[in-house]
1. With the Cα gyration tensor of segment 42-147 in hand, convert its eigenvalues to equivalent ellipsoid semi-axes via √(5λ) and list them largest first in whole Å.
2. Within 9 Å, Cβ to Cβ, of ASP312, how many net charges do the neighbouring residues add up to if Lys/Arg are +1 and Asp/Glu are -1?
3. Calculate how steeply helix 279-293 sits against the longest principal axis of the alpha-carbon atoms of the chain, using the helix alpha-carbon long axis, and give the answer as 0 to 90 degrees to the nearest 10.
4. Would you kindly give the portion of the calculated P(r) for segment 300-340 that falls above 14 Å, as a percent of all Cα pairs?
5. In what sequence, largest accessible area first, do THR309, THR545 appear using a 1.4 Å probe?
6. The chain: D in µm²/s via Stokes-Einstein (Kirkwood Rh, Cα pairs, 10 °C, 1.306 mPa s)?
7. In whole percent, how big is the carbon plus sulfur part of the accessible area of the chain, probe 1.4 Å, protein atoms only?
8. Give the angle, between 0 and 90 degrees and rounded to the nearest 10, that separates the Cα long axis of helix 353-367 from the longest principal axis of the Cα atoms of the chain.
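The values are calculated or read from the model by the stated rules, or taken from the named source; none is laboratory data. It should be emphasised that the depicted structure is a prediction, and the values quoted were computed from it without experimental measurement. Positions of Cβ are generated from backbone atoms using ideal geometry, with glycine treated the same way; all protein chains shown enter the neighbour counts. Heavy atoms of the whole protein, side chains included, go into the accessibility calculation; ligands, DNA and RNA do not. Shrake-Rupley method; radii C 1.70, N 1.55, O 1.52, S 1.80 Å.
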Amino acid sequence: MRKHLLALAVASASFTPVHAQDNVELDTVRVTATPTNQSQADIVQPTIVLTGEALDRQRAESLGDTLGQQPGVHNSSYGTAVGRPVIRGLGGARVKVLQSGLEAVDASSVSPDHAVAVHLHDAKQVEVLRGPASLLYGNGAFGGVVNVVDDRIPSTQEDDGVETNVRLGANSVNDGQEIALSNQGKSGAWRWHAAASESKAEEYRIPREAGEIEREENGEIERRDAEGKRLENSDVDHNRQFSLGGSYEFGNGNLVGIAVSHMDSEFGLPGHGHEDEHEEEGEEHDEEEGEEHGHEEEEGPARVDLESTRVDLAGLFNNPFAGAESLTVKLALTDYEHTEGHEEAHGEEEHDEDEEHEEGEEHEEEHGPTTFKNKSQDLRVELVLEEMLGMTHVVGSQISYSEFSAEGEEALVPSTDTENLGLFWLGEKQIDDLTLNVGARFDSISHDPDNPGELDSACGFSAADVDKTDFSNHSVSLGLIQELSDGWQVAGSVTSAQRAPAAEELFSCGAHEATLSYDIGNPDLDEEQALNLDISVRKNSGALTGSLSIYRNQVDDFIFQNAVVEGGELLVEDGLQAYRFEQDEVTLTGVELQLAYQLNDAFELTALADGVRGKLDNDDYLPRMPADRFGLGVNFESAGWSAYAQHMFVAKQDRTATFGVDDQGAEIEEIETDSYQLLTAGVGYLITTQSAEYRIDLQGNNLLNEEVRYHTSFVKDLTPQPGRGFKLAFNARF
């Protein structure tokens, strides 16, 4: 029996209101990120699934914001429009983001101010596999996998008919508006799905005390009040998403399908504006320029214009040949592009016309927009075999090819072609109440960069060092799960996995305004080698349900950006702190707790807690580690009414990274992040008729109007999270 077919380990659960105090069981939810679409309760790996009303409550403009309150998951926020998930303290390329089972292609792993190009407006389900998922999705997914599932290639509707969904929303904190429409149906062997949505928002409101935070020259931390009621340049001009797909079933569940999707978004990047000449390096120069030309040059706010078009093809074939249960083939072709640049901000006095024209050309050349492009093909094949030698087996292959390019002011990484070939095998054996899992994967990764020409001498390597690099990754895993009485389970796993360096880690060289850093790559980087141990206890039935997971992840040759210190001072290039990609041994340990207790048919109490510690070999802390959290909540559901409240306490993060020692012998550390309390509450009412459902929801966020800053954010000291706000949503299905 294929009960826990994943060679990864430990289990968790998400909780929604249910109706039976004495014999509560978790709802059956299928996780499509697994080869056999297992139910959530049967998956060995720690898993979160947001769907239905729970997803509607959490749905936000960014993926990180949507998932940021889940156990073990945080948000690397760059304002509300941009946010990538951070899982167990790991983010960027160590967390794979998928759209319906294939990688979401964008530039979000290159820089934290780049949005994740997934279609959230029409998502039916968001799945999170916490912990190593390298065996399934390759090249170093040490943190985990996030799979955003929509029905762009429809396959689930069984009966003939048509269904239409409408969602309308408004948000007081940013005067936000949203509309989302979808239509799906089945007629005979044909199925179709169409969806369109648009959202927009003004700059969001922030608490009065939530101004900028910075370290003075004497080392003191200065905290300012906000200059206005709203965070400048935090608006979303528009976010439009569209998809159209269809499928044809040949019988016996065999089907083929195709879908086309497009997204178009324009938004601001708060905390990204800056003067043309940086204070630390260019103050003297600015004075001279001001005297000579009678004005001070300043850049306006940074804006992003993003477009992505994707074509998906898929085929599912049951019993394709003797010895095989099913064959799944998926192909995604993506054309992604986003342009990022500063709006013009003029000086107070005008230049002479000829002089202004000459300087304007120079300013446009040095400070024009940067265009990032990523064209990708991703093919994935999974074959589920019949039982052999008392074991069930899944074998598969994944082949991807991408062409990444960047042109403009912040083109820090040369245009790079990347090829990836992966082969994997997963096996499972059932021995009474014990399930054993084994698995292995091999990946071949190749980065082929263009020659960038002359490089800044500060980077310490030359154009000759920017050359083709090849890596071979190996991953293996062993896991088990033991069923106990009364719904209890014990699970554990050990996973060894590797990650090849990304192109930006190898070849970056130049000023990076998004992170207020001067990035220096390292062409000599080796593969990361991780050894992960997970142990968990969970309970899936009864009045009390929940899970406790403990993990330890040791990563040799961990790649991270370390501040460059020369002569007892932080090295500054182009007015920005210089950071070089280096490697060291890192150990991450953490715990995740989630509980739910059904008081009666209507009320449920919940609790959540998580914490992670990330340390280098010298016992220094890793930067941007999530703060500890503890939350309590209550859910109510009865006679069409639903309500909930959740209070989350986020502790002060004073376990900060050390970047070096100044000329006085004092340690140079990242700035601490204060604690805060987050109170969320909502109420909803569902009206059901014979042919339709209507639901209206009112939700209050940050009801205490706390100053909220995520320590996982690069711009936490410049960009606080929104203050108190209320969301009103209307959903109709008919």
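1. Details: eigenvalues 64, 57, 31 Å².
Each semi-axis is √(5λ); the values are 18, 17, 13 Å.
2. +3
3. 50
4. Working: 530 of 820 pairs.
So the pairs more than 14 Å apart make up 65 percent of the total in segment 300-340.
5. Numbers: THR309 55, THR545 5 Å².
Heavy-atom accessible area, descending, gives THR309, THR545.
6. Numbers: Rh = 26.8 Å.
D = 59 µm²/s.
7. Details: 15200 of 30990 Å².
Exposed carbon and sulfur together represent 49 percent of the surface.
8. Tilt of helix 353-367: around 40 degrees.
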